[in-house]
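Only one structure is covered here, and it is reproduced in the block below.
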Amino acid sequence: MDSEIKLSVLFTREQIAAAVKRLAAEIRRDYLDKNPVLIAVLKGSFVFLADLVRQLNFPLQIEFAQLSSYGRGRESAGKGKIKVVQDVKTDIKGRHVLVVEDIIDTGLTAAFFLEHLRQKQPASLKLCSLTDKPSRTQVKINIDYLGLTVPDKFIVGYGIDWDERFRYLPDICAIEDGD
Ligand code: 5GP
């Protein structure tokens, strides 16, 4: 049962909303007349994407992709084990592409996906992530638009799951060890 797991709030819904508002202002400034393609990486970024897009409020296209990087556990699958499970279903050649991620942990997944998209020859390619865990970095990638910096904790909530659980939490919470 979810209630048996110890969680602590890392970022309240108000703090998340403020971060999303700031990001939207930055993205709006840079993409207003570019009709960009926002590619959200499923499933964890769906709540973030929905909040972000409503704040952007200008013409853009939404696409989804799904990658496999984690199994049921809490550890990264590691380099070479990341796969595209569902690719982008539109031609992004010559388009301005913004990848929308929920978490950059080691950076392996995002680095892999950006390279995958680069081969499709977009006009530009940038990365927006709701969260980053700098203490876990293995591959240095440039996050063009970053919401929140998180400590070395496993986070859930605001669309982010642990084995399909806890996506419904309105705040971003850390799972406390000792469970
Ligand atoms: P990376 O390849 O950067 O190590 O991992 C990125 C992916 O790992 C994220 O998109 C997410 O699926 C998963 N991940 C990494 N850290 C966390 C975390 O703290 N909580 C959850 N729920 N997933 C995480």
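The values are calculated or read from the model by the stated rules, or taken from the named source; none is laboratory data. None of these values were measured; they are calculated from a predicted model. Methodologically, a virtual Cβ is constructed for each residue, glycine included, from the backbone with ideal geometry; neighbour enumeration extends over all protein chains shown. Side chains are part of the model used for accessible areas, which takes the heavy atoms of the whole protein and leaves out ligands, DNA and RNA. Shrake-Rupley method; radii C 1.70, N 1.55, O 1.52, S 1.80 Å.
Enumerate the amide H contacts of LEU127 below 5 Å, restricted to partners 5 or more residues apart or on another chain; note that Pro and chain-start residues carry no placed amide H.
Close amide H contacts, sequence-distant or interchain: VAL99, ASP144, TYR145.
Nearest 10 degrees, 0 to 90: what angle lies between the long axis of helix 46-56 and the longest principal axis of the chain (Cα atoms)?
Computed tilt is about 50 degrees.
Based on the Cβ-Cβ distance of GLN119 and GLN61, what FRET efficiency does E = 1/(1 + (r/R0)^6) give at R0 = 25 Å, to the nearest 0.05?
E(calc), rounded to 0.05, equals 0.80.
Determine the gain in length on full extension of the stretch ASP33-ASP177; use 0.36 nm per residue of separation and subtract their C-alpha separation, reporting nm with one decimal.
47.2 nm
Listed here are the pairs LYS34/LYS81; LYS21/LYS81; LYS21/LYS140; LYS6/LYS126; LYS34/LYS153; which of them are more than 31 Å apart at the Cα?
Violating the 31 Å Cα-Cα cut-off are LYS34/LYS81; LYS21/LYS81; LYS6/LYS126; LYS34/LYS153.
Give the angle, between 0 and 90 degrees and rounded to the nearest 10, that separates the Cα long axis of helix 108-118 from the longest principal axis of the Cα atoms of the chain.
It works out to around 10 degrees.
Can you give the FRET efficiency to the nearest 0.05 for LYS6 and GLU26, using r as the Cβ-Cβ distance and R₀ = 30 Å?
0.30
Using θ = phi - 60° and the Karplus relation 6.51 cos²θ - 1.76 cosθ + 1.60, list the HN-Hα couplings for segment 24-39 in order, rounded to whole Hz, with x at every Gly or Pro.
4, 5, 5, 5, 4, 4, 8, 10, 3, 9, 9, 6, x, 9, 8, 10
How large is the dipole of the chain about the Cα centre if only Lys and Arg carry +1 and Asp and Glu carry -1, each at its Cβ, rounded to the nearest 20 debye?
Dipole about the Cα centre, nearest 20: 660 debye.
How big is the antiparallel share of DSSP beta bridges in the chain, given as a percent to the nearest 5?
Of the beta bridges lying entirely in the chain, close to 35 percent run antiparallel.
Once the Cα gyration tensor of the chain is diagonalised, what are the square roots of 5 times its eigenvalues, in whole Å and ordered largest first, as equivalent ellipsoid semi-axes?
Value: 26, 19, 14 Å, ordered largest first.
Just to confirm, what accessible area per residue do you get for the chain at 1.4 Å probe, in whole Å²?
Accessible area per residue, the chain: 52 Å².
Can you list residues whose amide H is under 5 Å from PHE154's amide H, if they're 5+ apart or on another chain and H is modeled 1.01 Å from N?
Distant-sequence amide H within range of PHE154: ILE175.
In whole percent, what relative contact order does the chain give with Cα contacts below 8 Å and a gap of six or more residues?
27
With all protein chains present, how much of the accessible area of segment 13-150 (probe radius 1.4 Å) comes from carbon and sulfur, to the nearest whole percent?
Answer for segment 13-150: carbon and sulfur cover 49 percent of the accessible area.
Which residues' amide hydrogens lie under 5 Å from the amide hydrogen of TRP162, considering only partners 5 or more residues apart or on another chain, with H built in the peptide plane?
Excluding prolines and chain starts, which carry no amide H, the hits are ARG167.
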